[in-house]
Amino acid sequence: MKFSISTSQMPNIKTDCLVVLYFLKGKLSASAAVVDKQTQGLLTQTLKQEQAQGKVEECYLLHQPRGLAAKRLLLVGCGDLKQLNERTYKKIINTIARALDKTAACSAHISLVDVEVQHRSREWSLQLGAEGLYAQTYCYDSFKSSVDKSKSKASKLNAVCFHIDKSKKTFTKALEIGKAMAEGTALAKDLGNAPANVCHPAYLVQQARSLAKVYRGLTCKVLDEKELKAMGAGAFVAVSQGSDQPGKLILMQYRGAGTAKQAPYVLVGKGITFDTGGISLKPSAAMDEMKYDMCGAAAVFGVMKAIAELQLPIHVLGVVAAAENMPSARATRPGDIVKTLSKQTVEILNTDAEGRLVLCDALTYIERYKPKCVIDIATLTGACIVALGHHASGLLSNHQPLADALLKAGQDTLDRAWQLPLWEEYEAQLDSPFADMSNIGGKGAGTITAASFLSKFAKSYKWAHLDIAGTAWQSKGLQKGATGRPVSLLTQYLIHQAKY
Ligand code: BES
Ligand code: MN
Ligand code: ZN
């Protein structure tokens, strides 16, 4: 999709759909008033006839509007002009996106000039506008047969122009950022939605290799299960050994311009391509959803794509711990004790707490890169859904400035996280009579004890953990599927860090 900015006068723009805004009680925005005049009162008449209130999410689509070169005119309610906050703005963008999606319009011209979001810059509005409109066009139909494909109408929208008062370099940049985030998010969704019989560790390796082929500055290295075993990554192998699909540790290194001497920002994604629970087998209801257990990995892919697309001047190492958690004669038994790459031993009391096992060895492995900081992303605990539902990702960290920066990036992109405490008190729940620790923390604070477990492997650097069990996918109805979160949060964080 192409995004652009226009500062020319509103009327007589040739576009498939002209989008203008109005407010409570049908009050027209300045540019809507101009269009109203040009159409001899078409807007005023329509809003009156429909008894429009101007509420958010209200909109009217007119075809062949008289006096305009545009093929369609979309009138969009924006609520109270003086109380336009971030959430309302997001809703307005989504309303526009959905309305356009229902038409065959390929191009749209949106008059953003008259709205100002409280406490937010024009750049912010443009970035979220581009991202939101792009995201709405996402459609996962790779596995629909061609007959069905013609029915599932993927959006035709491919060019959006925002009408604002002046042109600035930072405005175009904001559009580029929004677009890159949406593209990264779409990749994360694709990987998350792909079924586990297709998306297995070797498939993720292919994905990494093809990303590295496309983008300047991006290289890829893979460690296979044999190498991991030889190296001493006993926790990782304990998960992977039950499956016929060999586990992989995938390393994608992105070096932007001028970062030869920069220590890397490291992202580590949980890539369990299917989580049956292993010998501690999960109940079968909704087990299909465990194909999403690689959404942490998917987010890493999405972020690598977004930053490489932008050619951010930053050094980032994207790591994916890819394995399948299966029961078999070779699978780990509850009670088995393994030695991790860090030499600490773990009593595996529950083979369904596998995410922390693949992650802990990845966290130890990347010490050799002397990271500037490390962020892991994982669909780690059902407890996180209990605590935070589906709106916020769980955030835990051993370094408050890092946590603060991530919280801010989440707020800026409306891809929000919420911090939970990582106090020492919780660590006692991991005590084991037989090994250095057990892999589960028993009743209470499941998200925190999982993070406590990981923290024992992240002592030598600044580290944060994002539990995305609740945010990485939606399970309801036709909306079912991967969300691509938290690609926006992480990309925004790196953009801030790169001072881009
Ligand atoms: N992948 C799951 C966590 C999960 C559950 C994500 C539901 C999304 C939805 C993880 O591997 C797991 O099974 N965690 C266990 C940990 C427990 C055994 C300590 C859980 O949350 O029940
Ligand atoms: Mn599990
Ligand atoms: Zn899992």
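The values are calculated or read from the model by the stated rules, or taken from the named source; none is laboratory data. These figures come from a predicted structure and were not determined experimentally. Backbone-built Cβ (ideal geometry, glycine too); neighbour counts: all protein chains shown.
Please give the number of the condition Val338 fails out of (1) outside any strand (DSSP E or B); (2) over 25 Å from the mean Cα position of the chain (by Cα).
If we test Val338 against (1) outside any strand (DSSP E or B); (2) over 25 Å from the mean Cα position of the chain (by Cα), just (1) comes out false.
Can you pull out the residues in region 219-233 that are part of a strand (DSSP E or B), within 17 Å of Leu357 (Cα to Cα) and touching a helix residue (DSSP H, G or I) at 6+ places or on another chain (Cβ under 8 Å)? I'd like the intermediate steps shown before the answer.
First, pick out the residues of region 219-233 that are part of a strand (DSSP E or B): 219-224.
With the extra rule that they be within 17 Å of Leu357 (Cα to Cα), the set shrinks to 223-224.
Leu223 - this is the single residue of region 219-233 that is part of a strand (DSSP E or B), within 17 Å of Leu357 (Cα to Cα) and touching a helix residue (DSSP H, G or I) at 6+ places or on another chain (Cβ under 8 Å).
Regarding Leu62, is this residue in contact with a Gly (Cβ under 8 Å, 6 or more places away or on another chain) and either under 30 Å from Ala180 (Cβ atoms) or without any contact (Cβ under 8 Å) to a residue 60 or more places away in the chain (or both)?
Numbers: in contact with a Gly (Cβ under 8 Å, 6 or more places away or on another chain): no; either under 30 Å from Ala180 (Cβ atoms) or without any contact (Cβ under 8 Å) to a residue 60 or more places away in the chain (or both): yes.
No.
Of Trp423, Trp418, which residue is under 30 Å from Glu131 (Cβ atoms) and of a type in the set (Phe, Trp, Tyr)? Let's see the steps before the verdict.
Working: Trp423 fails: under 30 Å from Glu131 (Cβ atoms).
The unique qualifying residue is Trp418.
Restricting to region 282-293, and then to whatever is part of a helix (DSSP H, G or I) and out of contact with any helix residue (DSSP H, G or I) (no Cβ under 7 Å at 6 or more places or on another chain), can you tell me which residue is nearest to ligand 3 (Cβ to nearest atom)?
First pass over region 282-293, keeping only residues part of a helix (DSSP H, G or I): 287-293.
Retained after the next criterion (residues that are out of contact with any helix residue (DSSP H, G or I) (no Cβ under 7 Å at 6 or more places or on another chain)): 287-291, 293.
Details: Met287: 11, Asp288: 14, Glu289: 11, Met290: 7, Lys291: 11, Asp293: 4 Å.
For region 282-293, the residue satisfying everything is Asp293.
Can you tell me which residue among Ala445, Ala450 is touching a Leu at 6+ places or on another chain (Cβ under 7 Å) and of a type in the set (A, V, I, L, M)?
Details: Ala445 fails: touching a Leu at 6+ places or on another chain (Cβ under 7 Å).
Exactly one of Ala445, Ala450 is touching a Leu at 6+ places or on another chain (Cβ under 7 Å) and of a type in the set (A, V, I, L, M), namely Ala450.
Among Ala306, Ala297, which is the only one that is within 14 Å of ligand 3 (Cβ to nearest atom) and either touching a Gly at 6+ places or on another chain (Cβ under 9 Å) or closer than 17 Å to Ile468 by Cα (or both)?
Values: Ala306 fails: within 14 Å of ligand 3 (Cβ to nearest atom).
Of Ala306, Ala297, the one residue that is within 14 Å of ligand 3 (Cβ to nearest atom) and either touching a Gly at 6+ places or on another chain (Cβ under 9 Å) or closer than 17 Å to Ile468 by Cα (or both) is Ala297.
List the helices (runs of 4 or more DSSP H) that sit entirely inside region 84-191 and contain at least 3 residues that are more than 26 Å from Leu73 (Cα to Cα). Walk me through it before giving the result.
On the way: elements: 86-101, 122-136, 146-151.
In region 84-191, the matching helices (runs of 4 or more DSSP H) lie at 146-151.
Conditions tested, residue by residue: (1) touching a Lys or Arg at 6+ places or on another chain (Cβ under 7 Å); (2) modelled with pLDDT of 95 or more.
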position: Asn12; (1), (2): no, no
position: Phe23; (1), (2): no, yes
position: Ser31; (1), (2): no, no
position: Glu50; (1), (2): no, yes
position: Leu75; (1), (2): no, yes
position: Lys82; (1), (2): no, no
position: Glu86; (1), (2): yes, yes
position: Ile93; (1), (2): no, yes
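Could you give every pair whose Cβ atoms fall below 8 Å, whose first residue belongs to region 163-177 and is among the hydroxyl-bearing types (Ser, Thr, Tyr), and whose second residue is assigned to a helix (DSSP H, G or I), counting only separations of at least 6 or pairs across chains?
Going by the 8 Å Cβ cut-off, the qualifying pairs are Thr170/Glu123.
Report every pair of residues separated by at least 6 positions or lying on different chains whose Cβ atoms are under 8 Å apart, first residue within region 343-358 and part of a strand (DSSP E or B), second within 16 Å of ligand 3 (Cβ to nearest atom) and aliphatic (A, V, I, L, M).
Pairs that qualify, where the first residue is part of a strand (DSSP E or B) and the partner is within 16 Å of ligand 3 (Cβ to nearest atom) and aliphatic (A, V, I, L, M), are Val346/Ala235; Val346/Leu357; Ile348/Ala238; Ile348/Leu357.
For residues in region 254-281 being within 15 Å of ligand 3 (Cβ to nearest atom) and surrounded by fewer than 24 Cβ atoms within 10 Å (Cβ to Cβ), which is nearest to Leu312 (Cα to Cα)?
By that ranking, first place goes to Phe274.
Only one residue in Ala104, Ala135 is in contact (Cβ under 8 Å) with a residue 40 or more places away in the chain and over 20 Å from Val56 (Cβ atoms), so which one is that?
After applying the criteria, what remains is Ala104.
Testing Leu341 on (1) touching an Asp or Glu at 6+ places or on another chain (Cβ under 6 Å); (2) within 12 Å of ligand 2 (Cβ to nearest atom), one condition comes back false. Which one is that?
(2)
Scan region 424-451 and report the pairs whose first residue is in contact (Cβ under 8 Å) with a residue 12 or more places away in the chain and assigned by TED's automatic domain parsing to the domain that holds Ala378 and whose second residue is of a type in the set (Phe, Trp, Tyr) and within 10 Å of ligand 1 (Cβ to nearest atom), with Cβ atoms within less than 8 Å and a gap of 6+ or a chain change.
Sorted first by the residue in region 424-451, then by its partner, the pairs are Leu430/Phe453; Met437/Phe453; Asn439/Phe453; Gly441/Phe453.
What number of residues in region 324-345 are under 16 Å from Leu281 (Cβ atoms), in contact with a strand residue (DSSP E or B) (Cβ under 7 Å, 6 or more places away or on another chain) and surrounded by 22 or more Cβ atoms within 10 Å (Cβ to Cβ)?
3
Name the strands (runs of 3 or more DSSP E) wholly within region 365-429 that hold at least 2 residues that are within 17 Å of the chain's Cα centre (by Cα) and aliphatic (A, V, I, L, M)? Break it down stepwise before answering.
Details: elements: 373-378, 393-397, 417-419.
Per the criteria, 373-378.
Sort out which residues of region 271-288 are within 9 Å of ligand 1 (Cβ to nearest atom) and of a type outside the set (S, T, N, Q), and write them in order of number.
First, pick out the residues of region 271-288 that are within 9 Å of ligand 1 (Cβ to nearest atom): 272, 275, 277, 280, 282, 286.
Within region 271-288, Ile272, Asp275, Gly277, Lys282, Ala286 meet the criteria.
Looking at Ser393, Ser397, Ser342, Ser328, which one is among the hydroxyl-bearing types (Ser, Thr, Tyr), in contact with a Gly (Cβ under 8 Å, 6 or more places away or on another chain) and away from ligand 1 (no atom under 13 Å from the Cβ)? Before you say what the answer is, go through the steps one by one.
Values: Ser393 fails: away from ligand 1 (no atom under 13 Å from the Cβ); Ser397 fails: in contact with a Gly (Cβ under 8 Å, 6 or more places away or on another chain); Ser342 fails: in contact with a Gly (Cβ under 8 Å, 6 or more places away or on another chain).
Just a single option satisfies the conditions, and that option is Ser328.
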